[in-house]
Each structure stands twice: as structure tokens, then as C-alpha cells.
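All remarks here apply to the structure that follows.
Computed from the coordinates by the stated procedures, all read-outs in this text should not be read as laboratory data. Note that the coordinates shown come from a computational prediction; the quantities given were computed from them, not determined experimentally. Every residue, glycine among them, receives a Cβ derived from its backbone with ideal geometry; neighbour counts consider all protein chains shown.
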Amino acid sequence: MATVLSTSLLATTVSSDVLVLAGALILLVSALVGFVSGMFYERAAAKRAMTRAKKHLSQMVNMVVSSLESAHEACAALESFPNIVLTSKELKQLDAKQASLLETVSRVVSSQQAMAEAVTAESKTKVEAATETKPEPVEFAISWQRDDKTDAAGLPDRSAFDSNLEMLLAAGNTSEVDSGLLFIKIDKFDQLQSRFGSGGISTLLRKMAAVVCRAGRDEDLLCRYSNDTLALLMPKVDAAAGRLLAQKIRDSVRSFHFRLEESGPEIFVSASYGVTVCEPADNGDLVVNRAGNAVSRSQRRGRNQLHLHDGDTAVHCLAG
């Protein structure tokens with residue numbers, strides 16, 4: 001009877017061990033199946049994600065990084081299995097994938113590093129070119145040509161004006177410095193000429209020229225542009241300086257008492273003024289047209305008017 005009980009107890013114990021072992025095996029197989037299924041699902045999901053990310057480079061990079069992280073985690077999980085022993089085929093597969101992955105990643109990284117270095121070098125070259133020290137500007141230098149080209153009032157005539165204007169523009173272009181041109185148009189010139197004759201007009205012109213030269217600068221050149229117009233060439237002045245100089249000349253002429261003779265009666269003489277800037281890229285015709293437009297606007301407004309042509313339009317500066 002005791003023998004039968006022992007045999008029964010042994011059978012029960014063996015059966016329990018088998019059940020435990022079978023349960024453990026089932027759990028292990030389930031885990032492996034789940035892991036493998038997860039890997040296949042991950043691979044399929046990665047392919048779908050790659051298809052969607054082809055149009056967006058940033059998404060592609062993020063996906064690659066995420067896939068590498070997933071692969072790293074999968075390898076760590078595989079390594080954590082106790083007493084894992086892989087077959088030679090599995091080892092070869094892992095080794096081949098490792099080599100292929102390293103080669104591909106290395107190519108991508110090397111290619112991108114080379115492109116980044118090229119972009120950096122190009123940007124550096126552009127910065128160096130932009131910050132490169134500019135050559136010293138050429139000093140503005142001009143020597144007026146007066147020669148014998150003078151009119152009855154002793155002023156350089158129109159041909160002298162043309163040649164000196166060209167020299168002024170050339171000097172400004174070489175040195176990249178602005179200059180100025182001021183037209184002074186005598187108001188009611190025909191009436192003055194009819195009243196005082198050619199001799200009287202020449203006297204009035206000489207007196208006006210003296211007033212203009214005293215109000216101007218030593219480096220300026222006053223010429224006779226036409227019968228009723230004087231032209232003042234003003235080296236190295238910008239729009240603001242040219243306007244102030246024109247205002248000073250206008251005020252000097254306006255306050256001067258004109259007489260043909262010292263003891264003679266005072267003659268009312270006024271003028272209209274038009275000033276413009278001679279920029280380095282300008283040509284003679286362009287500058288003359290701007291100054292002419294400015295003085296014409298002044299003359300239409302009345303006596304003693306001043307307009308400044310800024311390159312776009314003539315702006316009224318002074319009146320009365």
C-alpha cells in the first residue's frame with residue numbers, strides 16, 4: 001500500500017514539473033513570437049514612414065535616427081536574453097547587416113560633412129570678400145582751365161564752362177565725391193539790356209560776378225553760361241552744402257546795390273537760382289538739364305527764388 005502511494009506521489013510531482021516546464025516554454029515562445037512579430041511590424045511601419053517622408057528631408061532624417069534607436073534597443077533586448085546562443089547563420093546575418101549599416105551611415109555622414117565644409121568655405125569667402133579692405137579713395141583734384149576763353153564781362157565763356165564741367169565730373173567720378181552746379185539767371189534781362197545797352201549789361205554782369213565770387217569759395221569757378229545766365233561750378237559739395245552756398249549767394253546778390261557808376265542811381269537787379277548736385281555717375285547733359293529745370297521753376301515763381309534739384313524733382317527752397 002505504501003509503495004502504491006509513493007508511486008502516485010512521484011507521478012504527481014513529475015506531472016507538476018512537466019506542467020511548469022511546459023508553461024515556461026510557452027511563455028518563452030510567446031515572448032519570442034511577440035518580439036519577432038514586433039520586429040516585422042516595426043520594419044513594415046518603417047517602410048511606410050519612409051515612403052511618406054521622401055518629400056520632407058527633415059522627416060527622413062528624424063525617421064532614420066528613430067530607426068537606428070529602435071535597432072539599438074532591439075539589439076540590447078536580444079543581448080539581455082540569458083545564455084543566448086545564436087547559430088552561425090544568424091551571426092552571419094547580423095554581421096552582414098552591421099557592416100552594411102556602418103558603410104551606409106558612414107557614406108551619408110561623410111557626404112554631408114563634405115557639403116557642410118564646402119558651404120562653410122563659400123560663406124567664409126563671401127564674408128572675407130565683403131569685409132575686404134577697400135582701396136583708399138583717390139583724392140579729388142582739379143585745375144580749372146580758363147585760358148583766353150572769356151566773354152565781354154571777363155568771365156569764362158560757354159565753351160570754357162563745358163570743358164570745366166567735364167573735368168569736374170571726371171574728378172568726382174574718380175574720387176567718388178559729389179560736386180555742385182548753380183545757375184544764376186538774371187531776371188528781366190531783355191528789359192535791362194534795352195534800357196542800358198550792351199555796355200551797361202556788361203558792367204552789371206561784372207558787378208554781379210564780383211558779388212557771387214565774394215560770397216562763394218576760392219575753389220569755385222564762375223562762368224558765363226548764356227546771355228542772361230551765370231554758372232557756378234562748386235567742387236566737393238553735397239546737396240546740403242550746395243543749398244547753403246546757393247542761399248548765401250542769393251542773399252548777397254539780393255542785398256547788393258547795383259549802379260553803373262559810383263554816383264549813379266541804383267538799378268534794381270534780381271536773379272533766379274537753380275542748384276543741383278553732380279554725382280559721380282552723372283554726365284554733363286544730365287547735370288545741366290537738372291540745374292536748368294530748377295532755375296526755370298524759380299523764374300516762374302518770381303524774383304529771387306531758389307530751387308534745389310535732388311535728382312528726381314526740383315524742390316523750392318527760398319522765396320522773395
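Put a plus charge on the Cβ of each Lys and Arg, a minus charge on the Cβ of each Asp and Glu, and nothing anywhere else: the dipole of the range 158-318 about its Cα centre is then about 760 debye.
What's the local net charge at Leu205, with K and R +1, D and E -1, over the other residues with C-beta under 9 Å away?
Net of charged neighbours comes to +2.
Stretching Ser143 away from His257 to a fully extended chain increases their span by 37.7 nm, per 0.36 nm per residue minus the current alpha-carbon distance. Near the amide H of Cys317, within less than 5 Å, lie the amide hydrogens of Leu306, His307, Leu308, all on another chain or at least 5 residues away, with H placed in the peptide plane.
Cβ crowding within 10 Å ranks Thr203, Thr104, Thr276 as Thr104, Thr203, Thr276, fewest other Cβ atoms first.
Summing charges over all other residues whose Cβ lies under 12 Å from the Cβ of Phe268, with Lys and Arg as +1 and Asp and Glu as -1, gives +3. In plain terms, the residue of Cys317, Cys75, Cys223 with the fewest other Cβ atoms within 10 Å comes first and the most crowded comes last, giving Cys75, Cys317, Cys223. Less than 5 angstrom separates the built amide H of Tyr225 from those of Leu230, Ala231, all sequence-distant by 5 or more or on a different chain.
Amide H contacts under 5 Å for Asp187: Ser270, Ala271, Ser272, restricted to partners 5 or more places along the chain or on a different chain, H placed in the peptide plane at 1.01 Å from N.
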